[in-house]
């Protein structure tokens, strides 16, 4: 995951996944990221809410609020979503 702009005003940062963590594939949810048991980022759960809880499948930057780092609030509302593929 990457953050380009965030409420604390921190610079661009890559948030690396922990082993065996990345995109979570479930047909009943929107885009989601984390490990096999917890979500770090979930867009559109069964109640159409979205939330962020960094640190389960991705390494949380030091000295940040893991629930509001990306969006400033938890849960958050999504008005636009862009997905990018990076070829390494």
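Readers should treat all values here as calculations from the given coordinates under stated rules, not as data from a laboratory. Computed from a predicted model, the values in this text were never measured in an experiment. Using ideal geometry, Cβ is built from the backbone for each residue, glycine included, and neighbour counts are taken over all protein chains shown.
Expected output is a single nm value to one decimal: the length gained when fully extending between residue 10 and residue 73, i.e. 0.36 nm times separation in residues minus the C-alpha distance. What is it? Provide the component values of the computation, followed by the final result.
Values: separation 63, 0.36 × 63 = 22.68 nm, distance 1.61 nm.
Between residue 10 and residue 73, full extension yields an extra 21.1 nm.
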Report task. Rounded, prolate or oblate: pick one for the chain, where a ≥ b ≥ c are the square roots of the eigenvalues of its C-alpha gyration tensor, a/c under 1.5 means rounded, and failing that, prolate if a/b is larger than b/c, else oblate. Result -> rounded
**Report entry** Label-point gap, in nm, between residue 88 and residue 62 - each point 7 angstrom along Cα→Cβ
**Finding:** 2.4 nm
Query raised in the report: If contacts are Cα pairs under 8 angstrom and at least 6 residues apart, what is the relative contact order of the chain in percent?
Result: 24 percent
Query raised in the report: Quick one: 25, 60, fewest Cβ neighbours within 10 Å first, how do they rank?
Result: 25, 60
Query raised in the report: Between segment 68-85 and segment 1-32, what's the alpha-carbon centroid distance in Å?
Result: 10 Å
